[in-house]
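The values are calculated or read from the model by the stated rules, or taken from the named source; none is laboratory data. All of these numbers come straight from a predicted model, not from anything done at the bench. Cβ coordinates were reconstructed from backbone atoms using ideal geometry, including for glycine residues, and neighbour counts include every protein chain displayed. SASA here: full protein model, heavy atoms, side chains in, ligands and nucleic acids out. Shrake-Rupley method; radii C 1.70, N 1.55, O 1.52, S 1.80 Å.
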Amino acid sequence: MRATVFAIIVLAFGFQTEANAQQQPTLKEAYKGCFLVGAALNPSQFSGRDPAEDALIKAQFNTISPENVLKWEIVHPRLDTYDFSLADKYVEFGQQNHMFIIGHNLVWHSQVPKWVFEDEKGAPVTRDVLLARMRDHISKVVGRYKGRISGWDVVNEALNDDGTLRPSAWKKIIGDDYIEIAFRYAHEADPQAELYYNDYSLENEAKRKGALELVKRLKAKGIAIIGVGTQGHFSLDSPTTNQVDSTIVEFGKLGVKVMITELDVDVLPWPAGGPTADVSLNMASDPKLNPYASGLPDAVQQQLSKRYADLFVTFAKHCGLVSRVTFWGVTDKESWKNNWPVRGRTDYPLLFNRDAQPKPAFGAVIQAAPKSAS
Ligand code: 9MR
């Protein structure tokens, strides 16, 4: 008898929760009129292999980014070989679902094969050779998706933490003007596409100053940069929402759109230093650094919800100036954060859990939407 009553209560609450979930607006509905809401996708997601995730992506998001399939090493693995098989599927998925499709990325120091910078003897190529390779890559990749990919991260992560230019092979071989040249090539390949500069840690003063100066320089030269992507690889307490807010305001003053392009909130302890997204980091594993392997305690779940609510209130203060908020992944299961900066951890950085179900943070983000937005 007791068991039956318990089962009835569970069922009733179960239905209740499901009914509430169904009544709740989706992310894209909640922020309609304010900014687009998106996610970075992997091949399993845009191939529809997982029906639950497929339905979730189509329901929640109106813009998508490719987590890896448009990176140089994937689309252009060898000098004379382009492979668009995965990228084509990504773009088709976005078109079929009427989504704003992002291209990520054209010029970066990471995930670029070595051959790009070397001649057949392994010596560095000249500026002219590298410029020709860059132009060929950009015109083939951007040209292929002309009119279908609406916005491109043209240059990714060109700055050091102190705001100076990162000494990448691009800078060393071509010179500081490689950034403006990349934008010119992208504009030439698709004059209608929105072109962005994308980087992490722009909330930190020194790096932000460097990025603001870079954008000013590009605009002064008439370069068609229309937006800045602040990646948004955050932790529970860093950066502060004041820093996030002033970053949006400062870029807004330069007349560029601001996008949060790779949002996630790391709940795990940082081995050293504050949150960053420097892909070269790789730290030793240690059980102390993986405290929630068997589940996230309620208190941290609540902290995560509050953090997400505060962030979305901050983004929504700048509706329109912030034109897009994209999560770096869909569910906690496949987030890159499970393997970086320490391999094999269990992190909870996104709004959907490992079963593709909304977490409390999802409800908090919906609640944070301005009432006039939907
Ligand atoms: O999420 C991406 C991960 O799957 C790749 O292994 C990694 C390789 O460099 O790149 C990750 O995405 C990065 C993005 O392209 C640029 N900003 C930082 C992201 C996280 O490293």
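Of the residues Asn160, Asn105, only one is open to solvent by 20 Å² or more (accessible area, probe 1.4 Å), within 16 Å of the ligand (Cβ to nearest atom) and in contact (Cβ under 8 Å) with a residue 12 or more places away in the chain; which?
Exactly one residue qualifies, and that residue is Asn160.
Could you list, in sequence order, the residues of the stretch 305-332 that are closer than 25 Å to Glu53 by Cα, aliphatic (A, V, I, L, M) and either assigned to a strand (DSSP E or B) or away from the ligand (no atom under 16 Å from the Cβ) (or both)?
Across the stretch 305-332, the qualifying residues are Ala309, Leu311, Val325.
Of all residues in the stretch 333-349, which are away from the ligand (no atom under 13 Å from the Cβ) and either assigned to a strand (DSSP E or B) or touching a residue at least 24 places away in the same chain (Cβ under 8 Å) (or both)?
Looking only at the stretch 333-349, we keep the residues that are away from the ligand (no atom under 13 Å from the Cβ), and these are 333, 342, 344-346, 348.
Selection gives Val342, Gly344, Arg345, Thr346, Tyr348.
Among the numbered conditions (1) aliphatic (A, V, I, L, M); (2) open to solvent by 10 Å² or more (accessible area, probe 1.4 Å); (3) in contact (Cβ under 8 Å) with a residue 60 or more places away in the chain, tell me where Ala132 comes up short.
Condition not satisfied by Ala132: (3).
If only one of Val116, Val37, Val91, Val112 is under 24 Å from Asn198 (Cβ atoms), assigned to a loop (DSSP other than H, G, I, E, B) and touching a residue at least 12 places away in the same chain (Cβ under 8 Å), which one is it?
Numbers: Val116 fails: assigned to a loop (DSSP other than H, G, I, E, B); Val37 fails: assigned to a loop (DSSP other than H, G, I, E, B); Val91 fails: assigned to a loop (DSSP other than H, G, I, E, B).
The match here is Val112.
Can you name every one of the helices (runs of 4 or more DSSP H) wholly within the stretch 168-271 that holds 3 or more residues which are touching a residue at least 60 places away in the same chain (Cβ under 8 Å) and open to solvent by less than 50 Å² (accessible area, probe 1.4 Å)?
In the stretch 168-271, 178-189, 241-253 are the helices (runs of 4 or more DSSP H) which contain 3 or more residues that are touching a residue at least 60 places away in the same chain (Cβ under 8 Å) and open to solvent by less than 50 Å² (accessible area, probe 1.4 Å).
Which residue is surrounded by the most Cβ atoms within 10 Å (Cβ to Cβ), if the candidates are limited to the stretch 65-79 and must be in a loop (DSSP other than H, G, I, E, B) and within 11 Å of the ligand (Cβ to nearest atom)?
The qualifying residue surrounded by the most Cβ atoms within 10 Å (Cβ to Cβ) is Leu70.
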